[in-house]
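Enquirer: Before we start, here is the structure in question, set down as structure tokens.
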Amino acid sequence: MRAINTLVISVATATSRRKMQLHQLEQLGLYGEIMDAVTPNDLLASQLDKYRFSWARPLSNGEIACALSHRKAWEIAAKSNNPTLILEDDVLLSDDISKVLQALINGPDLGYISLEFYDQNKLLGTPKVLTPTDYSISRLFKDRGGAAAYVIWPKAAQHIVNTQTKSLPLADAAINLTMGLKFYQLEPACAVQANVLARKYIELQDYAVTKAVTFNPRPDYPSKLVYLKCKLRRAYGSVILLLKIIQGLGRSSNRRIGHNVTPEMIKLYNDA
């Protein structure tokens, strides 16, 4: 029987989140690999300088490392014969995710499908039932962020890597700004990041990744020329997003999806 590979991106020092993820995967019958995330300490000063201003705005050391971590995961996924479930180590999963994954691997190559609840509206097409589950799949024309839980097929992973030879967007931006691929969203979602749920469940705060760790501080532009180049990249990205919105005209709606991560499952994983 074919199986979806599972790859968890995790900083080696994040022991509590690693322990939670291993417990979670075991309980759900998923067997995967913990991939050491890239950290700023793994990068030479010349590498950090190379990527610092390679996107639409300056990137912090943590943002560069995070983007390279997902690129590393895509390179692994591209070499696989099966689709890969890529998770960040602070994500919590629904207890019926195995059924979802089995249905996905038995279906056509979708390229990329987000499994994640992100508390923002998304531009989505008409839902189609993912047989034999109670979930649906919708064409994803415009996302609002989030790259903590998704399934990616080998050709799509390689395509995304190939489009990043001259720039380093953050993972969600790299996905959203890639042309030549269709993207999809699972409805309702079966994955939620701990920092989203920690607003309601205090016991999850130990697993949540704070933005302060990953995103700050951001450097200033060193010159007007660098500033202009970044703004041109931003304008280019805006054009791509506009094209995707146009693609969805008359066959999409701007809506916020729900999720099926239950309090019972949250407590189970917190006991890890």
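Enquirer: Determine which member of the set A73, A147 is part of a helix (DSSP H, G or I), in contact (Cβ under 8 Å) with a residue 12 or more places away in the chain and either at negative phi or not aliphatic (A, V, I, L, M) (or both).
Expert: Sole residue among the options that is part of a helix (DSSP H, G or I), in contact (Cβ under 8 Å) with a residue 12 or more places away in the chain and either at negative phi or not aliphatic (A, V, I, L, M) (or both): A73.
Enquirer: Further, regarding this structure: Using beta carbons and a limit of 6 Å, which pairs, at least six apart or on different chains, have the first residue in region 83-102 and farther than 14 Å from A148 by Cβ and the second one modelled with pLDDT of 95 or more and in a helix (DSSP H, G or I)?
Expert: Qualifying pairs under 6 Å: T84/A77.
Enquirer: Of the conditions (1) closer than 27 Å to S138 by Cβ; (2) modelled with pLDDT under 90; (3) surrounded by fewer than 19 Cβ atoms within 10 Å (Cβ to Cβ), S253 fails just one. Which one is it?
Expert: Only one criterion in (1) closer than 27 Å to S138 by Cβ; (2) modelled with pLDDT under 90; (3) surrounded by fewer than 19 Cβ atoms within 10 Å (Cβ to Cβ) is unmet by S253, namely (2).
Enquirer: Also: So is Y150 among the hydroxyl-bearing types (S, T, Y) and farther than 18 Å from H70 by Cα or not?
Expert: no
Enquirer: Look through region 75-106, keep the residues that are small (G, A, S) and more than 21 Å from D134 (Cα to Cα), and return whichever of them is modelled with the lowest pLDDT. Write out each step before concluding.
Expert: From region 75-106, those small (G, A, S) are 77-78, 80, 94, 98, 103; that's our starting set.
Checking the rest, the ones that are also more than 21 Å from D134 (Cα to Cα) come to 77-78, 80.
Numbers: A77: 96, A78: 96, S80: 93.
Top of the filtered list is S80.
Enquirer: Pairs only if they're at least six apart or on different chains, beta carbon under 6 angstrom, first in region 12-40 and over 22 Å from R71 (Cα atoms) and in contact (Cβ under 8 Å) with a residue 60 or more places away in the chain, second of a type outside the set (V, I, T) and outside any helix (DSSP H, G or I); list them, first residue then second.
Expert: Listed pairs, sorted by first residue: K19/A272; M20/A272; H23/A272.
Enquirer: Out of curiosity, is D90 closer than 19 Å to L30 by Cβ and surrounded by fewer than 19 Cβ atoms within 10 Å (Cβ to Cβ)?
Expert: Numbers: closer than 19 Å to L30 by Cβ: yes; surrounded by fewer than 19 Cβ atoms within 10 Å (Cβ to Cβ): no.
Criteria not met by D90.
Enquirer: Checking the conditions here, which among G62, G107 is over 15 Å from the mean Cα position of the chain (by Cα) and outside any helix (DSSP H, G or I)?
Expert: Unique residue meeting the criteria: G107.
Enquirer: It is to be established whether one or more residues within region 77-100 are assigned to a helix (DSSP H, G or I), among the acidic types (D, E) and closer than 30 Å to K231 by Cα.
Expert: No, every residue in region 77-100 fails to be assigned to a helix (DSSP H, G or I), among the acidic types (D, E) and closer than 30 Å to K231 by Cα.
Enquirer: Mind listing just one residue for me: the one in region 118-133 that is without any contact (Cβ under 8 Å) to a residue 40 or more places away in the chain and not in a loop (DSSP other than H, G, I, E, B) and, of those, farthest from S253 (Cα to Cα)? Working first, answer last.
Expert: Kept after step one, since they are without any contact (Cβ under 8 Å) to a residue 40 or more places away in the chain, are these residues of region 118-133: 128-129, 131-133.
Still in the running and not in a loop (DSSP other than H, G, I, E, B): 128-129.
On the way: K128: 14, V129: 17 Å.
It comes out as V129.
Enquirer: Looking at region 4-56, which of its residues are exposed (fewer than 15 other Cβ atoms within 10 Å of the Cβ), farther than 17 Å from P219 by Cβ and small (G, A, S)?
Expert: If the condition is that a residue be exposed (fewer than 15 other Cβ atoms within 10 Å of the Cβ), farther than 17 Å from P219 by Cβ and small (G, A, S), then A12, S16, G29 are the ones that fit.
Enquirer: T84 is checked against (1) hydroxyl-bearing (S, T, Y); (2) surrounded by fewer than 22 Cβ atoms within 10 Å (Cβ to Cβ); (3) touching a helix residue (DSSP H, G or I) at 6+ places or on another chain (Cβ under 6 Å) and fails just one. What number does that condition carry?
Expert: Every condition holds for T84 apart from (2).
Enquirer: Just to be sure, is K122 out of contact with any Phe, Trp or Tyr (no Cβ under 6 Å at 6 or more places or on another chain) and closer than 26 Å to Y201 by Cα?
Expert: For K122, the condition - out of contact with any Phe, Trp or Tyr (no Cβ under 6 Å at 6 or more places or on another chain) and closer than 26 Å to Y201 by Cα - is met.
Enquirer: Look at A67 and say whether it is more than 30 Å from K224 (Cα to Cα) and part of a helix (DSSP H, G or I).
Expert: No: the conditions fail for A67.
Enquirer: How many of the residues in region 16-59 are in a helix (DSSP H, G or I), among the acidic types (D, E) and touching an Asp or Glu at 6+ places or on another chain (Cβ under 9 Å)?
Expert: 1
Enquirer: Next question. Test D220 against the criterion of being modelled with pLDDT of 65 or more and exposed (fewer than 11 other Cβ atoms within 10 Å of the Cβ), and give yes or no.
Expert: Here the answer is yes, as D220 does meet what is asked.
The values are calculated or read from the model by the stated rules, or taken from the named source; none is laboratory data. Please read these numbers as outputs of a predicted model, since none were measured by experiment. Every residue, glycine among them, receives a Cβ derived from its backbone with ideal geometry; neighbour counts consider all protein chains shown.
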